[in-house]
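The values are calculated or read from the model by the stated rules, or taken from the named source; none is laboratory data. This is a predicted model, so every value here is computed, not measured. Every residue, glycine among them, receives a Cβ derived from its backbone with ideal geometry; neighbour counts consider all protein chains shown.
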Amino acid sequence: MPVIKWNKRALLLSVMSSILVISFQSIAYDDAPIYVSAESWFDTQIVIGELKKDETLVLSAIERWLAIDPTSAHAKAALGRLSIRNNDNEEVDEIIAELTASGNAREAKKLSLYRAIRTSKIEQYNQVRLLHLGGQSQKALNLYSKLFDNVLPSIEYQLEYLKLKSAISELQSETLNEYRQLDRQYPNVAYIRIELAKHLGRYGNTEEAIDIYKSLSNDRDFGVYASTSWLNELFSSPMSDDWLATFKSVADQHPENLGIQQQYETAKRNWEREKTLRKDPLYRQKLRVFEGIRAGVYTDSGYLTLKRANKKWRDDPEILTAMSRYEYQYKNYNESLALLYQAQKLDDNPDLDSYYSSLIRSVEFWQLLDKARFYQSNQQYKQASTAAKAAINIDPSIALSYVILGQNELSRGLKAVAHRYAKQAIELEPLNRSAILVWVDSHPSNVSNQSLLAAMNLLNSEQKKVIKVELNRLRHQVVIDTLTSKSRLSEQSLQNNSSKNQLLRVVVASNDDFPWLKKELAEQFQRLNLPLIGDDIMARSYQEHPTGETLHAYLLYLSGLKRWSEAYSLLPDTYSNDVLSSSEIATYGRVELGYHKQHIDSKSMSKNELSSYITQVENRNRAVAIVLWEEYGFSKEAKALIESVKPRLLTTSELSAFSIVAYELNEANLHHGIYEEAQRRQSVSIEMEGQHRLFLAENNMAEGRIGSAGDIYLDLLSRSYTVPHDNLLELVDKEPAYAAQILDTMSARINEASDQEFVSALLLAIDTKQQEYINIYNNHLLMRPNLTSFDYWLLQDQAKESDDIGLVKQYAERSLLLDDKERNALSSTRSLQQAYRNADDHWMTNSLVSTLDSLRDRQQSHFLVGSEFNNVPGGSKYLTIPVELKLAMPDYDGHLTLRADTVYLDGGNQTYYGTDDEIPQTRLGQAFSVGWEAYNWKVDLGTTPVGFVYTDWVGGVEGTVEFGDISMRGNISKRPLTSSLVSYSGVEHYSESDQSIDFGGVMKTGGTVSASWNDGRPFGVWGYLEHHLLEGTNVEDNTRTSFMTGSYYNFVSNNDESFSVGGSLFYMGYEKNLSEVVIGHGNYYSPQSYYSITAPVTYFKRMDYDWTVGVRGTLSFSSAKLDAPYLINGANSSQTRGFSSGLQAYTEYNLNEHWTVVGYLSQQFSSEYKPSVLSVFLKYNFDANWQRARLQPDPLRLYSDYY
């Protein structure tokens, strides 16, 4: 049979329609990019014809459509519209009646409305057009919606509706989405693409608008218009020789068009003028400032340049707009708005009105939000709420406004109102951290840590990830509360599986970086006489997070137990007071003191030996020595040493050092004396002042006066004092409202900050989602050339926690480039692709590559074609050829999948049970499906193959969730049972009376729940449970239950090689044995009990970057019991058991950056049953694919075998 493209077949059908009706098959030439339905092609032709007002084209498409599908409602509706335009009301009435009778009431309504708009409602319609021409777009839109009752009866009215919406700046995004949807529905229709380009150009997306105009410049109908629009857009682009060359090229294309020739002449004059202007240094500086603004770079010198330029070239809208952007960055909103209004008034380009309106509304919105935050920080909640509500009136789609309202109401104790605002914010941005926290804090059940945790557990998995730190911290606190309430606890009681014990085990085993909570938790276990658990918690905490703070907590824990030797062994051999906090210096001193006292007490030292020992200590730590002298009866020496600390006699540096010592030793008088002496000398250094204020702040924090401590920190920051990052994190952790104030203060000295302070501030901004400060610090990243790959890794990791995809991409790419440079000692960074392909097998590098792969997958679309051949013992053979188009939709965070599977079944030589009557052996059909796949869920809807005896709807939905190291998956689906020709397609049987009876076409409907566990170690476990109802035509209903569980151990597991062994146990059971070819049976294997134990061995090897191979061998023992075939008299039950084996081979090869081929071969070996499968598929990635070939290829999966 010849292979015919849709357009060619449509042409053929127009000739043959008078002879016969031919049904379309989903067959295309090999070079056809995708499958296109005839209906879609005809519909597009009708759309083009109606927009061009080419009734001949419309009539031709309608006739050919009705020739192959006389019942098509869309074709009849199009014929009805054509009849209305030809004033043939009788035919219109007949078509409306036909559509109504055939159940197409919506099409009938649209057709009636189409006629009314052109007859009885024409005056109202003309009023809409007059309002639009008069610039009253909102009124026109309202009347248009009322007139059409939200039903647009044809493409021309649909485009007209979008034109109305396009004129309203508040609806620009919504309108753009609708234009794009229309463009996808009717691709390459010039009329639609022109309107899309006009909308893009109106709102500043010049590049894409130009691309569209350029693509249409040679169009027969729109070439001149598109070329003219293209040149209009170019006038707003930067000028250059290439810019002028484009004008010339277009003018040469249309020598007969006077308008285009005039545009070219104007461009030449403008370019000559521009070249003259560019001789002026100020003009060139102005252009560089414009480039900086486009790149998001704002400098004081740049604004000064704009001011000077504005004096020289007054009333230039472009300069005024640039100045407004600077004022916006400086938060001078009124000045920014005044400049925008002035620019809008002076600009004589009417197409830019919407652009200016959009900018003005944006500035007004953020001005109100800033006011709201200012009032909020000053506890003026009523004024803050008023400002936030005003911002919502401007743009109700930003979650931050509702978050501020919720925070205000929460601060006023109105939890119910706050909760309502938090819900609105989450509806807009489900993963907004601040909104989630307000939702949790205002939850009606929030009366304790336990109830707060219960509220957090109501969140979905993605939301829990956003507040992972708060959630894990709260889990620790709940466990601590639980332990605090207990007077005793046995290790055996921890083994039961109550929910509280499960939470306790999770918290104990966690590696969260909460040193002080870990310390408190460990101390509770010590109190409850479970010291080993407490010791393990603290030891692992320090091993996993060997920071100064963790060491500090660990030292305090050991100090509380008087285990001074262990604590002393953790102290560094040498340390400087200059790099330790005052608290750490105190703890270090306390540990030294405890150790020395314990050492002294364990020895029988003479007085001279003791004196000699303390003298040695004094050389290391005078403060510790003072205490030892005093406690061991050397009061004279102690007093002499204390008295020797004369603030007046100390050097300036010693004053600073002893101020810390005095603070740590709680020598208030000594500390005060040191500080006063420094003041008297007027030599209070920045360090000393900071230490003095930090003394007060830490004291306040320790005593719970968070507000007082916060005020001190803010004051220190405002005076350019360096406040330890850990102190700031502790403050923000306890009171998140301080984040914005801290960042505002720190950003004021951004240029003076060290790299560590810079990264810390940016981490804090990302963590608290302070977008304004993220932008500020991002703009300064280029001025931080010494930042390392690890610095950027920290930033991308925090951005992932905050679910900011743009930042994740920015930081991950930069981190990978620097990692490549640092590992290979390069003088400069290479291209991102080179860095990617040369990535090393290192935890950080692997993490970055994995992150970038995930981001690219969000954008990646592909086309796939494959084939799978199944050879089943008994003569049955199946051949399936799938074609799949998977389209990325990153704006919706998912992929749309369109698929068609062509299936050929050969059932072999089968006869009807108990007779010699042969049943039909072969069937050919085609299954269609559409699906949506998101991050953790997917859904699909499709059909079993059309062309089989039975065709039915199928589909399913599946979701995944993670709980720590446990991954769970669940699905509900309806799928065909593909075991045999009978079960899959169904067959016809002729009885003795020569009557035809169909039976078969079995569908399985049910669900599956699966789970797996792996905590990063080489082994893991998994399992699933499923239950299905099996139904067919003239087939008895049946049920199937199965479960499987297994484990594995990875002996080798890296990027280039994998070797594992495992074991699994499988069970399935059917209610009835319906395995025969007879009416009532489905001809599928249906044992009442089937067990198997399998031992798989798997090995995968990377041959090079683009090629991997693998093999899997299995050895199984199985046992099956089957009742006598259901409802068949005289049949016997049976039982089988035995060993079998299997071998599977895998390979994946990247042919180039776009094409990948994957192959799979499977052969089973047993005494009577030896099925085999061979599959291969070729995949084309629309975007370049840099990923190395997967070490463990994923074979072709047929639609019938979906979850």
Taking the options Thr1156, Thr1136, name whichever one is hydroxyl-bearing (Ser, Thr, Tyr) and either in contact with a helix residue (DSSP H, G or I) (Cβ under 9 Å, 6 or more places away or on another chain) or at pLDDT below 95 (or both). Thr1136
Contacts under 6 angstrom Cβ, first residue in region 438-463 being under 24 Å from Asn501 (Cβ atoms), partner part of a helix (DSSP H, G or I) and of a type in the set (Ser, Thr, Tyr), 6 or more apart: Ser445/Ser451
Those residues of region 388-411 which are surrounded by fewer than 24 Cβ atoms within 10 Å (Cβ to Cβ) and either more than 20 Å from Ile436 (Cβ to Cβ) or aromatic (Phe, Trp, Tyr) (or both), in sequence order: Lys389, Ala390, Asn393, Ile394, Asp395
Scanning region 1057-1076 residue by residue, the ones that are out of contact with any strand residue (DSSP E or B) (no Cβ under 6 Å at 6 or more places or on another chain) and acidic (Asp, Glu) total 1
Go through the residues of region 808-820 one by one and say whether even a single one is buried (at least 17 other Cβ atoms within 10 Å of the Cβ) and within 30 Å of Asp711 (Cα to Cα). no
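Does Asp940 meet the test of being assigned by TED's automatic domain parsing to the domain that holds Gly1007, within 18 Å of Leu905 (Cβ to Cβ) and among the acidic types (Asp, Glu)?
Details: assigned by TED's automatic domain parsing to the domain that holds Gly1007: yes; within 18 Å of Leu905 (Cβ to Cβ): no; among the acidic types (Asp, Glu): yes.
Judged against the criteria, Asp940 is not a match.
Residue by residue, here is whether (1) of a type outside the set (Ser, Thr, Tyr); (2) over 21 Å from the mean Cα position of the chain (by Cα) holds:
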{"position": "Tyr381", "(1), (2)": "no, yes"}
{"position": "Lys389", "(1), (2)": "yes, yes"}
{"position": "Ile404", "(1), (2)": "yes, yes"}
{"position": "Asn408", "(1), (2)": "yes, yes"}
{"position": "Val438", "(1), (2)": "yes, yes"}
{"position": "Asn449", "(1), (2)": "yes, yes"}
{"position": "Lys468", "(1), (2)": "yes, no"}
{"position": "Leu471", "(1), (2)": "yes, no"}
Would you tally the residues in region 837-879 being under 17 Å from Asp1194 (Cβ atoms) and hydroxyl-bearing (Ser, Thr, Tyr)? 3
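Would you check which residues across region 1049-1089 are part of a strand (DSSP E or B), buried (at least 18 other Cβ atoms within 10 Å of the Cβ) and in contact with a Gly (Cβ under 7 Å, 6 or more places away or on another chain) and list them?
First, the residues of region 1049-1089 that are part of a strand (DSSP E or B): 1049-1053, 1057-1070, 1080, 1089.
Filter again for buried (at least 18 other Cβ atoms within 10 Å of the Cβ), leaving 1058, 1060, 1062, 1064, 1068, 1070.
Across region 1049-1089, the qualifying residues are Gly1062, Ser1064.
Name the residues in region 60-80 that are assigned to a helix (DSSP H, G or I), under 45 Å from the mean Cα position of the chain (by Cα) and either under 19 Å from Ile117 (Cα atoms) or touching a residue at least 24 places away in the same chain (Cβ under 8 Å) (or both), would you?
Step one: filter region 60-80 for residues assigned to a helix (DSSP H, G or I), giving 60-68, 73-80.
Now drop any that are not under 45 Å from the mean Cα position of the chain (by Cα), which leaves 61-62, 65, 68, 73-78.
Trp65, Ile68, Ala73, His74, Ala75, Lys76, Ala77, Ala78, listed by residue number.
Does Asn1129 qualify as being free of Cβ contacts under 8 Å to residues at least 40 places away in the same chain, in a loop (DSSP other than H, G, I, E, B) and either over 30 Å from Gly986 (Cα atoms) or not assigned by TED's automatic domain parsing to the domain that holds Met844 (or both)? Walk me through how you get there before you give the answer.
Values: free of Cβ contacts under 8 Å to residues at least 40 places away in the same chain: yes; in a loop (DSSP other than H, G, I, E, B): yes; either over 30 Å from Gly986 (Cα atoms) or not assigned by TED's automatic domain parsing to the domain that holds Met844 (or both): yes.
Yes; evaluated as a whole, the condition is true for this residue.
Table: residues versus (1) among the basic types (Lys, Arg); (2) touching a Phe, Trp or Tyr at 6+ places or on another chain (Cβ under 8 Å); (3) exposed (fewer than 15 other Cβ atoms within 10 Å of the Cβ).
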position	(1), (2), (3)
Phe928	no, no, no
Val949	no, no, no
Val957	no, yes, no
Gly964	no, no, yes
Ser973	no, yes, no
Ser983	no, yes, no
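In this structure, does Asp726 turn out to be among the charged types (D, E, K, R), free of Cβ contacts under 8 Å to residues at least 24 places away in the same chain and part of a helix (DSSP H, G or I)? I'd like the intermediate steps shown before the answer.
Numbers: among the charged types (D, E, K, R): yes; free of Cβ contacts under 8 Å to residues at least 24 places away in the same chain: no; part of a helix (DSSP H, G or I): yes.
Considered against the rule, which asks whether it is among the charged types (D, E, K, R), free of Cβ contacts under 8 Å to residues at least 24 places away in the same chain and part of a helix (DSSP H, G or I), Asp726 comes out as no.
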So Leu231 passes all but one of these: (1) farther than 30 Å from Asn775 by Cα; (2) at pLDDT 75 or above; (3) crowded, with 18+ Cβ neighbours inside 10 Å. Which condition number does it fail? (2)
Check whether at least one residue in region 403-415 is touching a residue at least 60 places away in the same chain (Cβ under 8 Å) and over 30 Å from Lys163 (Cβ atoms), and report yes or no. yes
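Suppose the filter is under 55 Å from the mean Cα position of the chain (by Cα), on the phi < 0 side of the Ramachandran plot, in a helix (DSSP H, G or I) and modelled with pLDDT of 80 or more; does Tyr663 pass it?
Details: under 55 Å from the mean Cα position of the chain (by Cα): yes; on the phi < 0 side of the Ramachandran plot: yes; in a helix (DSSP H, G or I): yes; modelled with pLDDT of 80 or more: no.
No.
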Given the condition part of a helix (DSSP H, G or I), closer than 25 Å to Asp803 by Cα, charged (D, E, K, R) and touching a residue at least 12 places away in the same chain (Cβ under 8 Å), answer yes or no: does some residue in region 835-853 qualify? yes
Per the filter on region 701-723, residues modelled with pLDDT under 80 and buried (at least 20 other Cβ atoms within 10 Å of the Cβ) are Val723
Some residue of region 434-443 being touching a Gly at 6+ places or on another chain (Cβ under 8 Å), in a helix (DSSP H, G or I) and either closer than 20 Å to Gln172 by Cα or of a type in the set (Val, Ile, Thr) (or both): yes
Assess whether Leu277 counts as being under 21 Å from Trp366 (Cβ atoms), over 37 Å from the mean Cα position of the chain (by Cα) and surrounded by 14 or more Cβ atoms within 10 Å (Cβ to Cβ). no
Condition check for Asn446: surrounded by 17 or more Cβ atoms within 10 Å (Cβ to Cβ), at pLDDT below 90 and over 29 Å from Gly548 (Cα atoms): yes
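Being surrounded by fewer than 18 Cβ atoms within 10 Å (Cβ to Cβ) and either polar (S, T, N, Q) or modelled with pLDDT of 90 or more (or both) is the filter here, so list the residues in region 497-511 that pass it.
Step one: list which residues in region 497-511 are surrounded by fewer than 18 Cβ atoms within 10 Å (Cβ to Cβ), which gives 497-503, 505-506, 509, 511.
Those that are surrounded by fewer than 18 Cβ atoms within 10 Å (Cβ to Cβ) and either polar (S, T, N, Q) or modelled with pLDDT of 90 or more (or both): Asn497, Ser498, Ser499, Asn501, Gln502, Asn511.
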When restricted to Lys382, Lys389, the only residue modelled with pLDDT of 90 or more, assigned to a helix (DSSP H, G or I) and among the basic types (Lys, Arg) is Lys389
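Answer with yes or no whether Leu924 is within 30 Å of Val1078 (Cα to Cα) and either without any contact (Cβ under 8 Å) to a residue 24 or more places away in the chain or among the basic types (Lys, Arg) (or both). Before you say what the answer is, go through the steps one by one.
Working: within 30 Å of Val1078 (Cα to Cα): yes; either without any contact (Cβ under 8 Å) to a residue 24 or more places away in the chain or among the basic types (Lys, Arg) (or both): yes.
Yes.
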Determine if region 629-645 includes at least one residue that is surrounded by fewer than 15 Cβ atoms within 10 Å (Cβ to Cβ), under 23 Å from Asp573 (Cα atoms) and modelled with pLDDT of 80 or more. no
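For region 957-1039, list the strands (runs of 3 or more DSSP E) that sit wholly inside it and hold at least 2 residues that are touching a Pro at 6+ places or on another chain (Cβ under 8 Å); which are they? If you could, list the steps in order and put the result at the bottom.
Values: elements: 966-976, 987-990, 996-1013, 1019-1033.
Filter on region 957-1039 gives 987-990, 996-1013.
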Restricting the search to region 546-562, which residues are crowded, with 18+ Cβ neighbours inside 10 Å, in contact with a Pro (Cβ under 9 Å, 6 or more places away or on another chain) and of a type outside the set (Ser, Thr, Tyr)? Glu549, Leu551, His552, Ala553
